[in-house]
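Report on one structure; see the data block that follows.
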Amino acid sequence: MNRHEKAQECDRKDPLAQYKAAFFHPENEIYLDGNSLGKLPLKAKENIASLMQEQWGENLIRSWNEHWLDLPKHLATKLAQLLNVNAKEVLVGESTSVNLYKVAHALIQSGHYPKQFLTDSLNFPTDNYILDGISRECALTKPICVQYTTDLKADLNLLKEQIIEHPGVICLSLVSYKSAYYYPMKALNLHAKEHNSIIIWDLSHAVGAVAIDLKETHTLAAIGCTYKYLNGGPGSPAFIYLEDSLIPHLLSPIQGWFGHAKPFDFSQDYLPARGIEKFDAGTPTVLSLAAMEAGIDITLDAGIKSIRAKSIALSNFFLDTFYTELVPLGYVLESPENEAERGAHITLSHQASWRICQCLLQGKEKRPKIIPDFRPPHYIRLGIAPIYTTYEDMWHTLERLKEIAQNKEFEQCSNVRPTVT
Ligand SMILES: Cc1ncc(COP(=O)(O)O)c(C=O)c1O
C-alpha cells in the first residue's frame with residue numbers, strides 16, 4: 001500500500017470522519033489555517049439567519065429578555081464542560097486581549113501576589129503589550145520577559161528560576177503560537193504556587209485542540225479565544241476562567257454596567273456583581289455569541305480526547321515522511337518532535353518559506369490549493385484541525401511541499417507580503 005492509499009484507508013477508518021460534513025468547504029481547497037480562523041459550521045449560518053429574521057427582525061427589544069441576556073451564560077456552561085470547570089467560573093465576552101487586561105489588572109492589584117509581571121519570549125505579542133501597559137498605568141517595574149535562545153521550546157529550568165527570582169503574576173500561552181510548544185501546565189502551576197505566584201494561561205491555541213482539565217492541573221486563571229479551533233467565527237467572543245475561591249478577592253478595572261450587581265436598576269453608584277459577572281463590562285455582542293455556539297457543540301459532541309488523538313495521528317502521519325523526504329530538500333521542523341510537547345499545529349521553515357506559502361496557496365494542476373499561514377521571520381504553520389482535516393489533506397500537503405522545493409517553483413513567486421498572512 002502506498003502513502004496515498006494509506007491516507008485514504010486512515011480516512012475510511014477515522015471515527016471523527018462524519019464531522020467534516022458539518023462545515024462549509026470551498027471546492028478544491030485544503031485549509032490548514034484553523035489555528036488562525038476556524039471554518040464555518042453550517043449550523044452557525046442557519047442559527048444566524050433565523051436569529052436575524054425572528055429575534056432581531058420581528059421580536060426586536062423583547063428578544064433581550066427572551067433570548068439574549070442569558071446567551072453568554074448559556075455558552076459559558078458549554079465552555080466550562082470543555083475545560084472541566086464549573087459554569088460559574090467562566091465568563092464569555094470581549095476579546096482575549098481585553099480579558100487579559102481585566103484579569104491581569106485584577107490579580108496584580110489584589111494584594112495576593114507580588115506586584116511584578118513575568119512572561120516569556122514564546123508568548124503572543126498582545127499578551128506582552130497588555131502586561132507592559134498595566135505596569136506603566138500602575139507605576140510598576142516593567143514585566144520580566146524570560147528570553148529563550150530558540151522559539152522551539154521554553155527552557156523550563158530557566159523559567160522556573162526566573163519565577164523564584166521574580167515572583168508575581170505570570171502569563172504564558174499553553175500552546176505557543178509559533179512552534180506549538182505545549183507547556184507542562186500542572187507542574188508550572190504548582191511551581192508558581194510554591195513561590196507565591198499565579199499563572200494566567202492564554203488558551204487561544206489550545207482550546208479545542210488539546211484536552212485541557214483546568215481542575216486537575218490546579219489552574220487558577222485563564223483566558224482564550226474561540227475563533228480558532230472552536231470555529232466560533234471571525235472575532236468571536238473570548239472567555240475568562242477564574243477559580244471560584246479567587247473571585248471574591250478581585251475587582252475588574254472596567255466598571256461597566258453589565259458587571260454591576262443589578263444593571264437594570266440603573267443605580268448611580270457602582271456595586272460589582274458577586275460572581276465572575278463582575279468582569280462583564282457592556283452590552284453582549286449577540287450576533288457573534290449566537291454564531292459561536294455551533295462550533296462549540298461540534299467539539300463537545302466529537303469529544304476533545306478523540307480530537308486530540310486524531311490530531312496526534314495526523315501529525316505523525318505527516319512527520320513520518322517529513323524526515324526522509326522533506327528535510328533533504330531544505331525543510332526544517334520548527335515544532336517539538338515529541339508529541340506530548342506539541343499542540344495541534346506543525347511549524348516548518350525553509351530558506352524560501354514565504355514564497356513556498358504562495359505556491360501552496362496557488363495550487364497546481366491536479367493538486368488542490370493549500371492554505372497554511374506564515375509568521376515572521378520564516379515560519380510556515382500547518383494548522384491541523386482534526387474535526388475537518390483528513391489524512392489525505394496531509395498527504396497532498398507533503399507531496400506539494402516536496403514538488404515545490406524539488407522543482408524550485410518558489411522562484412516564480414514574489415517576496416512581497418500582504419497585511420494578513
Ligand atoms: C495566543 C494568543 N493570544 C491572544 C491573541 C489575540 O487575541 P484577540 O485579538 O482576540 O484579542 C491571539 C491571536 O491570534 C493569540 O494567538
Of everything in region 217-257 that's among the polar types (S, T, N, Q) and either within 14 Å of the ligand (Cβ to nearest atom) or in contact (Cβ under 8 Å) with a residue 12 or more places away in the chain (or both), which residue is surrounded by the most Cβ atoms within 10 Å (Cβ to Cβ)? 226
May I ask you to say which residue of 91, 82 is within 30 Å of residue 252 (Cβ to Cβ), in a strand (DSSP E or B) and open to solvent by less than 40 Å² (accessible area, probe 1.4 Å)? 91
Can you pull out every residue in region 204-216 that is open to solvent by less than 10 Å² (accessible area, probe 1.4 Å) and more than 15 Å from the ligand (Cβ to nearest atom)? 214
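Can you work out which of the residues in region 118-130 that are out of contact with any Asp or Glu (no Cβ under 8 Å at 6 or more places or on another chain) and surrounded by 19 or more Cβ atoms within 10 Å (Cβ to Cβ) is farthest from residue 197 (Cα to Cα)?
130
Applying the selection to region 83-96, what residues are in contact (Cβ under 8 Å) with a residue 60 or more places away in the chain and either over 17 Å from residue 233 (Cβ atoms) or not assigned by TED's automatic domain parsing to the domain that holds residue 137 (or both)? Show your work before the answer.
Initially, region 83-96 is screened for residues in contact (Cβ under 8 Å) with a residue 60 or more places away in the chain, giving 83-86, 88-96.
Across region 83-96, the qualifying residues are 83, 84, 85, 86, 88, 89, 90, 91.
May I ask you to say which residue of 164, 200 is more than 10 Å from the ligand (Cβ to nearest atom), part of a strand (DSSP E or B) and either within 19 Å of residue 121 (Cα to Cα) or open to solvent by 10 Å² or more (accessible area, probe 1.4 Å) (or both)?
On the way: 164 fails: part of a strand (DSSP E or B).
200 is the lone residue from the list that is more than 10 Å from the ligand (Cβ to nearest atom), part of a strand (DSSP E or B) and either within 19 Å of residue 121 (Cα to Cα) or open to solvent by 10 Å² or more (accessible area, probe 1.4 Å) (or both).
Are any of the residues in region 385-405 aliphatic (A, V, I, L, M), in contact with a strand residue (DSSP E or B) (Cβ under 9 Å, 6 or more places away or on another chain) and within 15 Å of residue 181 (Cα to Cα)? Reasoning before the result, please.
Of the residues in region 385-405, the ones aliphatic (A, V, I, L, M) are 385, 387, 394, 398, 401, 404-405.
Those still in the list that are in contact with a strand residue (DSSP E or B) (Cβ under 9 Å, 6 or more places away or on another chain) too: 385, 387, 394, 401, 404.
Filter again for within 15 Å of residue 181 (Cα to Cα), leaving none.
So far as region 385-405 goes, no, none of its residues is aliphatic (A, V, I, L, M), in contact with a strand residue (DSSP E or B) (Cβ under 9 Å, 6 or more places away or on another chain) and within 15 Å of residue 181 (Cα to Cα).
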Output for Cβ contacts, cut-off 6 Å, separation at least six or different chains, first residue under 24 Å from residue 177 (Cβ atoms) in region 21-44, second open to solvent by 60 Å² or more (accessible area, probe 1.4 Å) and in a strand (DSSP E or B), reads 29/369
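May I ask you to list the residues in region 167-187 that are of a type in the set (A, V, I, L, M), on the phi < 0 side of the Ramachandran plot and within 16 Å of the ligand (Cβ to nearest atom)?
Of everything in region 167-187, those that are of a type in the set (A, V, I, L, M), on the phi < 0 side of the Ramachandran plot and within 16 Å of the ligand (Cβ to nearest atom) turn out to be 170, 172, 174, 175, 185.
In this structure, is residue 29 open to solvent by 20 Å² or more (accessible area, probe 1.4 Å), of a type outside the set (A, V, I, L, M, F, W, C) and at positive phi? So that I can check it myself, show each step before the final result.
On the way: open to solvent by 20 Å² or more (accessible area, probe 1.4 Å): yes; of a type outside the set (A, V, I, L, M, F, W, C): yes; at positive phi: no.
Judged against the criteria, residue 29 is not a match.
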Of all residues in region 229-249, which are under 22 Å from residue 123 (Cβ atoms) and in contact with a strand residue (DSSP E or B) (Cβ under 8 Å, 6 or more places away or on another chain)? 237, 238, 239, 240, 241, 242, 243, 246
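Out of all the residues in region 137-155, is one or more closer than 24 Å to residue 338 by Cβ, touching a residue at least 24 places away in the same chain (Cβ under 8 Å) and assigned to a helix (DSSP H, G or I)? Please lay out each step first, then the result.
The first filter runs over region 137-155 and keeps only residues closer than 24 Å to residue 338 by Cβ, leaving 146-155.
Those left that are additionally touching a residue at least 24 places away in the same chain (Cβ under 8 Å): 146-148, 151-154.
Retained after the next criterion (residues that are assigned to a helix (DSSP H, G or I)): none.
Within region 137-155, none of the residues are closer than 24 Å to residue 338 by Cβ, touching a residue at least 24 places away in the same chain (Cβ under 8 Å) and assigned to a helix (DSSP H, G or I).
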Being of a type in the set (A, V, I, L, M, F, W, C) and surrounded by fewer than 17 Cβ atoms within 10 Å (Cβ to Cβ) is the filter; apply it to region 258-273 and report the residue that is nearest to residue 299 (Cα to Cα). 261
Please go through region 361-404 and give me each residue that is among the small types (Gly, Ala, Ser) and open to solvent by 10 Å² or more (accessible area, probe 1.4 Å), ordered by number. 363
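The values are calculated or read from the model by the stated rules, or taken from the named source; none is laboratory data. Given the structure is predicted, the values throughout are model-derived calculations rather than measurements. Every residue, glycine among them, receives a Cβ derived from its backbone with ideal geometry; neighbour counts consider all protein chains shown. Side chains are part of the model used for accessible areas, which takes the heavy atoms of the whole protein and leaves out ligands, DNA and RNA. Shrake-Rupley method; radii C 1.70, N 1.55, O 1.52, S 1.80 Å.
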